[in-house]
1. Determine which single condition B:Phe302 fails, assuming it passes every other condition in (1) buried (at least 22 other Cβ atoms within 10 Å of the Cβ); (2) assigned to a helix (DSSP H, G or I); (3) of a type outside the set (Val, Ile, Thr); (4) more than 14 Å from chain A (Cβ to nearest Cβ).
2. If you go through segment B:581-596 one residue at a time, how many are among the charged types (D, E, K, R) and farther than 20 Å from A:Ala154 by Cβ?
3. Just to be sure before I move on: is A:Val137 aliphatic (A, V, I, L, M), over 21 Å from the mean Cα position of the chain (by Cα), within 12 Å of chain B (Cβ to nearest Cβ) and surrounded by fewer than 22 Cβ atoms within 10 Å (Cβ to Cβ) in the structure I sent?
4. For segment B:152-188, give me each residue that is among the hydroxyl-bearing types (Ser, Thr, Tyr) and either closer than 23 Å to B:Phe31 by Cα or in contact (Cβ under 8 Å) with a residue 12 or more places away in the chain (or both).
5. Please state which one of B:Phe210, B:Phe277 is over 19 Å from A:Thr100 (Cα atoms) and at pLDDT 85 or above.
6. The conditions are (1) part of a helix (DSSP H, G or I); (2) loosely packed, with under 14 Cβ neighbours inside 10 Å, and B:Phe151 fails exactly one of them. Which is it?
7. Within segment B:291-350, how many residues turn out to be over 27 Å from B:Lys635 (Cβ atoms) and either free of Cβ contacts under 8 Å to residues at least 12 places away in the same chain or not polar (S, T, N, Q) (or both)?
8. Among (1) free of Cβ contacts under 8 Å to residues at least 24 places away in the same chain; (2) among the acidic types (Asp, Glu); (3) more than 9 Å from chain A (Cβ to nearest Cβ), there is one condition B:Asp603 misses while meeting the rest; what is its number?
Amino acid sequence: MESILKIYNVEKYYGSRSSLTKAIDNISFEVEKGEFVAIMGASGSGKTTLLNCISTIDRVTSGHIFVDGEDITKLKGNRLNKFRREELGFIFQDFNLLDTLTAYENIALALSIQNVPYSEIKVKIEKVAKELDIKDVLNKYPYQMSGGQKQRVASARAIITNPKLVLADEPTGALDSKSSKMLLERFNYLNKELEATILMVTHDAFTASYATRVIFIKDGKIFNELRKGNDTRKEFFDKIIDVVTLLGGDLNDAL
Amino acid sequence: MLFKLSLKNIARSIKDYAIYFFTLILGVAIFYIFNAIESQTVMMNVSSSTYEIIDLMNNMLSGVSVFVAFILGFLIIYANRFLMKRRNKEFGIYLTLGMSKRKISLILFFETLIVGVISLVVGLVLGTALSQVMSLLVANMFEAKMTEFEFVFSSAACLKTLIYFSVMYVLVMIFNTYAVSRSKLIDLLNAGKKAEKVKMKNPWLCVIVFIISVCTLGYAYWCVTGGISDMQSGNTILIPIALGAISTFFIFWSLSGLLLKIFMSMKNVYYKGLNSFTLRQFSSKINTTVFSMTIICLMLFFTICILSSAISIRNSMTANLQTLVPVDIEINKKMDLPEGAEFSSAVVADSKVSVRETLNRLGFDVNKYFKDTLEFNLYVSNDFLVRDTLGSAYEEIAKQFPYLDYNMAETFIKESDYNKLAKLYKLKEIDLNDDEYAVIADFDSWANIRSEGLKHGTTITLNGKTLKPKYDKCVEGFVNMTSSHVNTGIFVVPDDTLVNMPRETGILVANYKANDDGGREKIEDMIINLDDSPYAENTYIGASTKISIYEGSIGLGAMITFIGLYLGIIFLIASAAILALKELSESTDNKERFQMLRKIGTDEKMLNKALFRQIGIFFLFPLVLAIIHSIFGIKFCVYLLETFGKGELLKSIIMTALIMVFIYGGYFVITYLCSKNIIKERL
């Protein structure tokens with residue numbers, strides 16, 4: 001399998017020389033095409049910083065990040081924006097939908113900023129709406145939708161551009177358990193049927209158990225890594241719990 | 001401690017306050033400049049009659065200042081409310097930390113105090129500087145000679161500005177205290193989180209409302225242009241104004257929904273780039289700001305009308321004088337007064353004497369002081385009324401203009417006299433056959449009415465001779481010198497038709513025998529002093545002189561221009577500032593939205609373009625409707641001010657446009673740059 005994301009010795013420091021905080025302390029790993037990877041860690045472990053660096057919202061202090069062979073730490077200005085809108089898809093904890101636009105328009109925006117003609121937009125939205133089961137809410141505004149619906153609309157926006165990599169930051173953080181389950185099943189579907197590569201950050205073991213691989217981070221370093229292999233989701237969940245227990249500290253609180 | 005906090009708050013949010021500060025300083029400066037005109041005019045070297053007009057102007061300016069103070073006061077309170085809204089969260093945090101509401105009010109009190117003091121000081125300094133430039137304009141307007149430049153500081157205007165603005169700031173403080181005491185903590189903390197509900201309007205309702213408002217507006221337009229003749233009293237103008245204001249509101253109301261619908265149905269345009277986002281931004285806000293849009297549109301409308309007609313009055317007045325006052329003096333005298341109880345016998349006897357002879361009897365040597373002298377008479381026939389001269393067109397015209405007096409006696413002049421006069425006045429000469437007549441007029445609406453009669457070929461009979469019109473319209477011309485076009489019509493007829501008719505007025509026109517202004521003024525003084533002659537008691541003689549007409553109309557023109565400029569600029573600033581503040585106060589919401597767009601990878605260029613369009617549409621929307629209003633408004637003003645002159649409108653519209661571009665455009669650019677800064681913050 002070719003790897004879509006390569007992270008080499010990435011470090012990210014905050015603060016000045018006198019009071020240095022190492023948010024990411026020399027992390028390296030790879031994500032292969034078609035993988036569904038979850039990054040787990042307690043709050044303050046550096047997982048969101050890592051995601052921000054990969055998504056080019058933040059810059060690394062040292063190290064390199066390659067997406068499909070291209071070093072994104074070297075990108076600047078409009079090339080960066082181009083990379084972000086063409087190669088990446090984003091799903092945020094608080095949905096980040098525009099409250100003035102309908103679901104349909106929110107999804108369409110991801111394509112229209114790439115100057116895709118409407119005829120094409122129309123076909124693609126129809127398809128993605130079916131896949132994510134949001135056909136009924138397309139003409140609603142964000143405030144008229146439930147959290148789960150909003151997150152599925154956000155997911156539709158993220159994958160409609162056929163990104164090389166979908167980045168999800170605590171996608172179930174603002175959802176109730178039923179909506180979470182439904183969303184994660186959709187993620188699985190996207191991953192298996194559409195071969196979308198997904199990198200998800202979470203502190204929730206249940207959410208992580210839907211991934212094919214889980215990377216644990218503690219204090220800015222990789223602590224452990226679990227692969228699902230042929231396990232059932234339940235078995236994989238138990239394994240994750242074991243590591244979480246080992247990790248100790250405040251990640252337990254998150255369960 | 002609280003004072004320090006206030007200082008820090010202002011220093012921190014100086015960027016947000018920029019427009020507010022800018023507006024306050026501008027307001028203070030303008031208020032000072034126009035109130036300081038009084039002390040500038042005192043220094044000027046002008047004649048006493050000009051002084052009277054200057055006095056009148058200064059009185060009117062201080063009256064207008066009270067009105068201006070109301071507008072500025074309203075603006076400041078309105079602006080302050082926006083700034084308060086932006087800081088709800090901050091106040092919420094103060095309250096949760098246990099600060100009392102009284103202390104928050106105190107913080108706001110200090111803030112207003114600091115802002116007030118700074119804006120007053122800077123505004124007064126700026127105003128004093130600009131008023132030196134203004135003094136040049138004032139001198140120019142009154143055509144006074146500036147012998148040397150003099151720095152003028154008006155302590156009276158300064159004090160007045162201080163008092164007026166202090167009152168405004170105290171009102172703001174009271175308002176703030178009230179607003180703080182009424183606020184609830186939960187609302188303050190959640191202020192930013194409230195999800196915006198976007199209500200879509202029923203498109204059919206919008207279409208219907210739009211059509212009705214456009215029709216109403218059309219009717220209001222018609223009232224002030226085509227149907228203007230139905231307007232008989234000053235109060236009737238209120239109806240089209242009210243209709244216009246109401247329909248403006250509903251046009252904005254319906255148009256916002258309608259435009260969105262139209263653009264949404266044009267899918268290829270709507271789903272291109274950030275178009276959908278920009279349009280939604282626009283429509284989501286216009287729902288909540290229809291009312292302020294209406295106010296701004298109407299204020300802009302008044303601004304455009306006031307500025308363009310004020311500037312045009314001054315321009316056309318002076319331009320008119322070149323043609324309307326061709327000679328130095330016109331002396332007129334009542335002739336052939338009827339004998340009877342009405343007039344004393346001495347007056348009747350005098351009325352048989354020619355103008356030249358009367359001047360001699362008054363002790364004035366015509367040959368010594370006058371050149372280019374021309375004397376002639378005007379005749380009036382009492383059995384010849386306006387209605388007769390309109391002929392068959394009368395019925396129709398009377399129906400159209402019922403308020404005119406059709407029973408006025410007509411005035412006549414001999415063809416040879418008129419042609420001599422026309423040569424002197426540089427007017428078009430008229431060559432009549434024995435059976436022809438012509439009408440001269442320069443008051444447009446009357447000229448049109450008379451032309452109607454001429455078109456019908458109305459014949460007139462005088463002394464047994466029947467005359468037919470030579471031209472099918474009036475000839476532009478006049479006999480009496482005035483500052484404006486007021487000749488409603490004089491008949492030019494062959495000389496022999498007026499034989500044996502009683503004279504009505506004797507007229508003598510002439511130029512002064514003098515080489516320079518000083519010499520002319522000397523002769524003028526002599527003529528004014530003729531009033532003291534014992535013979536003056538029994539003669540009805542009067543004079544219009546070039547000098548007096550020029551002074552009067554220059555003063556009047558300058559007065560109207562200054563008041564127009566004052567009001568126009570204040571209105572313009574007020575409306576631009578409201579728009580700018582509204583736009584900026586929403587920038588916090590916008591910041592989040594633009595951040596989202598940036599996260600999904602939108603180009604900076606595209607974002608800036610979207611922001612530019614969004615703000616541009618907001619500034620343009622009320623302006624466009626205001627300009628359409630103004631087309632008709634200015635037409636109405638032209639009608640009202642017709643007597644002052646015509647033709648100069650283009651120049652004043654260009655001037656108005658320049659002022660608009662400078663101030664309104666300036667506010668637009670500042671708003672755009674500030675908003676750009678706000679959405680740029682932190683990625």
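The values are calculated or read from the model by the stated rules, or taken from the named source; none is laboratory data. Source: prediction; values computed, not measured. Positions of Cβ are generated from backbone atoms using ideal geometry, with glycine treated the same way; all protein chains shown enter the neighbour counts.
1. (1)
2. Adding up the residues that qualify gives 3.
3. So A:Val137 fails the test.
4. Hits for segment B:152-188 are B:Ser154, B:Ser155, B:Thr161, B:Tyr164, B:Ser166, B:Tyr169, B:Thr177, B:Ser181, B:Ser183.
5. Only one candidate qualifies: B:Phe210.
6. For B:Phe151, the exception is condition (1).
7. Looking only at that region, the number is 25.
8. B:Asp603 satisfies all of (1) free of Cβ contacts under 8 Å to residues at least 24 places away in the same chain; (2) among the acidic types (Asp, Glu); (3) more than 9 Å from chain A (Cβ to nearest Cβ) except (3).
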